[in-house]
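The values are calculated or read from the model by the stated rules, or taken from the named source; none is laboratory data. On a predicted model such as this, the values are computed, not experimentally measured, just so you know. Using ideal geometry, Cβ is built from the backbone for each residue, glycine included, and neighbour counts are taken over all protein chains shown.
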Amino acid sequence: MVTGVLTLAERSVRSLMTPRTDISWVDLEDDVGTIRAMLIETPHSFFPVCKGSLDEIVGIARAKDLLNDLAVNGRITLRDALRKPIYVPDSIAVLPLIETLRRSRGQLVLVVDEYGTIAGLITPIDVFEAIAGEFPDEDETPAIEALDDGQWRVAGHADLHELSRVLETGLFDAEIDDFATLAGFLMSKFDGLPEVGAILELEGFSFQVLAVEEQRIALVQISRALQQELYIG
């Protein structure tokens with residue numbers, strides 16, 4: 001936690017946010033059953049409410065208000081009661097971001113790139129996890145899962161800062177400002193999208209690609225190289 005606090009100000013918002021591809025949002029053009037199932041199955045308090053596209057945001061709403069609206073009215077009618085979205089640029093420093101989150105009163109904040117396209121979203125819990133480590137939901141697999149001694153199963157979206165702390169290595173330090181996730185780091189080393197089973201050896205660690213999904217590395221097994229002991233006698 002001390003390390004997390006000391007390095008927090010140096011981190012980019014991209015290393016903290018949920019990327020665009022992983023954002024759960026309510027599409028007003030979906031049927032009622034699809035919306036209800038998504039709200040029940042996805043454990044978030046707030047959702048962007050959009051019309052057809054994530055970039056066509058109508059507002060931000062609480063999950064419980066949306067579910068109540070569906071139960072009472074059979075459709076989403078809360079457009080006038082939706083919260084106004086809060087946007088921050090992806091270049092914002094972490095300390096001003098924390099102040100924005102404080103003013104948001106628990107609401108999610110949307111991150112936009114230089115072209116105004118939504119790049120991700122961030123919540124107060126994301127900042128907390130950057131300090132204290134990951135707090136996965138009950139049905140969520142941790143991004144970094146320790147296996148046997150010296151082995152880890154790691155999601156491609158795992159944060160490089162957190163992974164560096166877990167592995168107790170400076171392997172990522174030189175490029176930690178260029179890549180937010182393990183997947184981004186490895187794709188740069190493979191010079192593209194690797195095939196399942198591909199292995200990369202770096203500074204005493206072995207990275208084996210276990211799964212590739214939607215043109216990105218989804219799962220990796222990391223092994224620490226066995227140290228050879230020298231016996232004299």
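Odds and ends about this structure:
- Only a single item in (1) out of contact with any strand residue (DSSP E or B) (no Cβ under 9 Å at 6 or more places or on another chain); (2) closer than 19 Å to residue 169 by Cβ; (3) modelled with pLDDT of 90 or more is not met by residue 186, and it is number (1).
- The set of residues in the stretch 168-219 being buried (at least 16 other Cβ atoms within 10 Å of the Cβ), touching a residue at least 60 places away in the same chain (Cβ under 8 Å) and farther than 21 Å from residue 16 by Cβ consists of 219 alone.
- For the stretch 188-214, a residue qualifies if it is part of a loop (DSSP other than H, G, I, E, B) and in contact with a Leu (Cβ under 6 Å, 6 or more places away or on another chain), and exactly one does: 203.
- As for the stretch 35-42, it holds at least one residue that is in contact with a helix residue (DSSP H, G or I) (Cβ under 6 Å, 6 or more places away or on another chain) and buried (at least 16 other Cβ atoms within 10 Å of the Cβ).
- Yes/no for residue 175 being at pLDDT below 90 and on the phi < 0 side of the Ramachandran plot: yes
Conditions (1) surrounded by 17 or more Cβ atoms within 10 Å (Cβ to Cβ); (2) among the basic types (Lys, Arg); (3) farther than 25 Å from residue 40 by Cβ, marked per residue:
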position: 56; (1), (2), (3): no, no, no
position: 65; (1), (2), (3): no, no, no
position: 93; (1), (2), (3): no, no, yes
position: 114; (1), (2), (3): no, no, yes
position: 126; (1), (2), (3): yes, no, no
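- Within the option set 126, 177, being among the acidic types (Asp, Glu), under 28 Å from residue 90 (Cβ atoms) and part of a loop (DSSP other than H, G, I, E, B) holds for one residue only, 177.
- Leading residue by the ranking (surrounded by the most Cβ atoms within 10 Å (Cβ to Cβ)) among those in the stretch 155-167 that are small (Gly, Ala, Ser) and assigned to a loop (DSSP other than H, G, I, E, B): 158
- Here the strands (runs of 3 or more DSSP E) wholly within the stretch 1-102 that include at least 2 residues being over 27 Å from residue 141 (Cα atoms) and touching a strand residue (DSSP E or B) at 6+ places or on another chain (Cβ under 9 Å) are 57-62, 87-89.
Results for (1) outside the structural domain of residue 12 (by TED's automatic domain parsing); (2) modelled with pLDDT of 90 or more; (3) under 17 Å from the mean Cα position of the chain (by Cα), shown as yes or no for each residue.
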residue	(1), (2), (3)
150	yes, no, no
153	yes, yes, yes
160	yes, no, yes
179	yes, no, yes
